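Worksheet for the structure shown next.
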């Protein structure tokens, strides 16, 4: 930690914590991050880093242009919160009912601003682009940011995510495939409503929905090669209006997670086939609506080598975690990596004694020491990458 503290002073660390907490108090959903964007723009102005606001609605892009002929490295942080009621009891808890920073994006913003402060104070030999992106959760703010030109002139990009499976000071990195496809689905069931006492006169949408919830799992357990990771999760079920009537309609919503394009296609086809079979079996109308999600994050080999080397230098080999398998989580950072080489890493942030609380939980929180680690790491990664890219 001694090297990290030399890079990120106590004064800067205190500033970063204050930013994180201010954002945490006033969380905003995707493409509505007006206050967050205003705060970020104000911080960049104080640092003397020019920025462009209103990118992809609420995004911000800042550039440190030192030498137009030198390599350019980009860093990205996401800004949006989740529709979750906070239950942390923190002094800086969300003041917006039903919205919470339950995934660490408030920390990501603070980390990137900290890295910007370090790099502005001690300029690198090349150019840096700081991308503050809206709407990583669900909507996908990366694509419209790219469409508005945030990657113009960028040679390599890096990003990271606070991870509560590891502790502050630890950094996890994986080469190659890192996250999964994140396809969503909605299954609409229309049967025939009726009196609860006369089920033979009706077609029960609840029964059909219940059978589908259970039988969809057999696609994974019995029809997909177990050597290929795949998950089907139904996270939303809605049916009926009263206790003594057979529901005519039911809706299921869920997600399909896969890491291989052929397995993805296979699972989607089997979901449709199963729905069609249940439709015939029960004489009901069943409609499957697929909602394509994010592609996988695939870390480029050279960028991975840069990321790993700098992590060893900053946190030490004993705090390095070689992530062995891809996660079935999703990240729209994948879209940046389809355009330029880069690497996405994991910053340990678990609070000791409270490691069991996952992201997206109403009790989610992290060890703020990760802010210092993240800012030190990203600023050093920029310097090293520019040097290596220069040849």
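The values are calculated or read from the model by the stated rules, or taken from the named source; none is laboratory data. Just so you know, these numbers come straight off a predicted model, no measurement behind them. We place every Cβ from the backbone using ideal geometry, glycine too, and count neighbours over all the protein chains shown.
Couple of notes before you dig in:
- Test: residue 84 is assigned to a helix (DSSP H, G or I), modelled with pLDDT of 95 or more and surrounded by fewer than 24 Cβ atoms within 10 Å (Cβ to Cβ): no
- Pick from the range 138-154, criterion in contact with a strand residue (DSSP E or B) (Cβ under 6 Å, 6 or more places away or on another chain) and surrounded by fewer than 24 Cβ atoms within 10 Å (Cβ to Cβ), ranking: nearest to residue 39 (Cα to Cα): 148
- Pick from the range 10-30, criterion part of a loop (DSSP other than H, G, I, E, B) and touching a helix residue (DSSP H, G or I) at 6+ places or on another chain (Cβ under 9 Å), ranking: nearest to residue 104 (Cα to Cα): 27
- Where residue 52 falls short, out of the listed (1) closer than 22 Å to residue 103 by Cα; (2) free of Cβ contacts under 8 Å to residues at least 12 places away in the same chain; (3) in a strand (DSSP E or B): (1)
- Among helices (runs of 4 or more DSSP H) entirely within the range 254-367, having at least 3 residues that are surrounded by fewer than 18 Cβ atoms within 10 Å (Cβ to Cβ) and either modelled with pLDDT of 95 or more or outside the structural domain of residue 72 (by TED's automatic domain parsing) (or both) singles out 261-282, 301-315.
Yes/no matrix, rows are residues, columns are (1) in a loop (DSSP other than H, G, I, E, B); (2) in contact with a strand residue (DSSP E or B) (Cβ under 6 Å, 6 or more places away or on another chain); (3) crowded, with 20+ Cβ neighbours inside 10 Å:
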site: 66; (1), (2), (3): yes, yes, no
site: 74; (1), (2), (3): no, yes, yes
site: 80; (1), (2), (3): yes, no, yes
site: 88; (1), (2), (3): yes, no, no
site: 92; (1), (2), (3): yes, no, no
site: 98; (1), (2), (3): yes, no, no
site: 102; (1), (2), (3): yes, yes, yes
site: 106; (1), (2), (3): no, no, yes
site: 111; (1), (2), (3): no, no, yes
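- Boolean, residue 375 is crowded, with 21+ Cβ neighbours inside 10 Å, over 29 Å from residue 257 (Cβ atoms) and at pLDDT 95 or above: yes
Let's see how each residue does on (1) modelled with pLDDT of 95 or more; (2) in contact with a strand residue (DSSP E or B) (Cβ under 6 Å, 6 or more places away or on another chain); (3) within 20 Å of residue 289 (Cα to Cα); (4) not assigned by TED's automatic domain parsing to the domain that holds residue 329:
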{"position": "187", "(1), (2), (3), (4)": "yes, yes, yes, yes"}
{"position": "210", "(1), (2), (3), (4)": "yes, no, yes, yes"}
{"position": "238", "(1), (2), (3), (4)": "yes, yes, yes, yes"}
{"position": "242", "(1), (2), (3), (4)": "yes, no, no, yes"}
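- Residue match in the range 57-74 (condition: assigned by TED's automatic domain parsing to the domain that holds residue 317, within 21 Å of residue 164 (Cα to Cα), touching a helix residue (DSSP H, G or I) at 6+ places or on another chain (Cβ under 8 Å) and in contact (Cβ under 8 Å) with a residue 40 or more places away in the chain): no
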